[in-house]
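Contents: one structure, followed by commentary.
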Amino acid sequence: LSLSAAAFAYGFEDLQVNTYDPERIAYTINNAGKVEQRGFEVEAKLQASEMLSLRGALAYTHNRFQDFIGQCYAYAFPTGTTRANAVPPPNCSFVDSTALTLQQDYGGRAPARSPDWAANAGFTLDVPIGEYVLGMTGDAFYSDSYLASDTLAPPSRQDAFWRFNSSVSFGPEDESWTVALI
């Protein structure tokens, strides 16, 4: 059995963040005031027998912006909208009292593609058959939900999901060739 664990706490200041500006058809670089990251990781590997090994890992990452006002996600006001009757979309506000230009307070929100929880578990089974080996593997991967867009646009939400991989292989013990279905 092999077991490892780690806890971490990081603070990133002036982190450069790219956002896409659809009006200019260009990316802009902004400095996010601060990003704080706290969490832990646990990983285990078990050689259950000569033929079977098991593995698994769990990670929690609380990754959040601090002091960052940036671009609002792409949003178009209906034709004829004026500043007097305009209502900003969720999580966004106006830059000033006269323009329809929007901004977003990222404070307390997770950066893009940053799920709080992630995990995986799997096995490898190698069964000797004379001078050959029949191998099987299986792995499951979990990701918590996250926003995929750098501007944290609500439609970019990726719900929590599982992904599965497996394989069956056959070949000689010396591994001079192998046939596999993955």
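The values are calculated or read from the model by the stated rules, or taken from the named source; none is laboratory data. All values reported here derive from a predicted model rather than from experimental measurement. Glycine gets a Cβ as well: all are built from the backbone with ideal geometry, and neighbour counts include every protein chain shown. These accessible areas exclude ligands, DNA and RNA; they are computed on the full protein's heavy atoms, side chains included. Shrake-Rupley method; radii C 1.70, N 1.55, O 1.52, S 1.80 Å.
What the table shows:
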quantity	calculated
Output for segment 137-172, where each listed residue is at pLDDT 95 or above, not in a strand (DSSP E or B) and not hydrophobic (A, V, I, L, M, F, W, C)	Asp144, Ser145, Asp159
Breaking point among (1) among the aliphatic types (A, V, I, L, M); (2) open to solvent by 70 Å² or more (accessible area, probe 1.4 Å); (3) in a strand (DSSP E or B), for Ala76	(3)
Test for Ala9: is it open to solvent by less than 80 Å² (accessible area, probe 1.4 Å), at pLDDT 95 or above, assigned to a strand (DSSP E or B) and over 30 Å from Met136 (Cβ atoms)	yes
Test for Ala57: is it farther than 24 Å from Ala99 by Cβ, small (Gly, Ala, Ser) and free of Cβ contacts under 8 Å to residues at least 40 places away in the same chain	no
Residue in segment 99-121 that is out of contact with any helix residue (DSSP H, G or I) (no Cβ under 6 Å at 6 or more places or on another chain) and closer than 30 Å to Glu173 by Cβ present	yes
Whichever residue in segment 140-159 is out of contact with any Cys (no Cβ under 9 Å at 6 or more places or on another chain) and among the polar types (S, T, N, Q) and, among such residues, is surrounded by the fewest Cβ atoms within 10 Å (Cβ to Cβ)	Ser145
For Gly39: the one exception among (1) open to solvent by less than 70 Å² (accessible area, probe 1.4 Å); (2) under 18 Å from Ser114 (Cα atoms); (3) touching a residue at least 40 places away in the same chain (Cβ under 8 Å); (4) assigned to a strand (DSSP E or B)	(3)
From the options Pro128, Pro115, Pro88, Pro111, residue that is open to solvent by 40 Å² or more (accessible area, probe 1.4 Å) and either under 20 Å from the mean Cα position of the chain (by Cα) or farther than 23 Å from Leu52 by Cα (or both)	Pro88
Among the residues listed as Trp162, Trp177, the single one being open to solvent by 80 Å² or more (accessible area, probe 1.4 Å), over 19 Å from Glu50 (Cβ atoms), within 20 Å of the chain's Cα centre (by Cα) and not charged (D, E, K, R)	Trp162
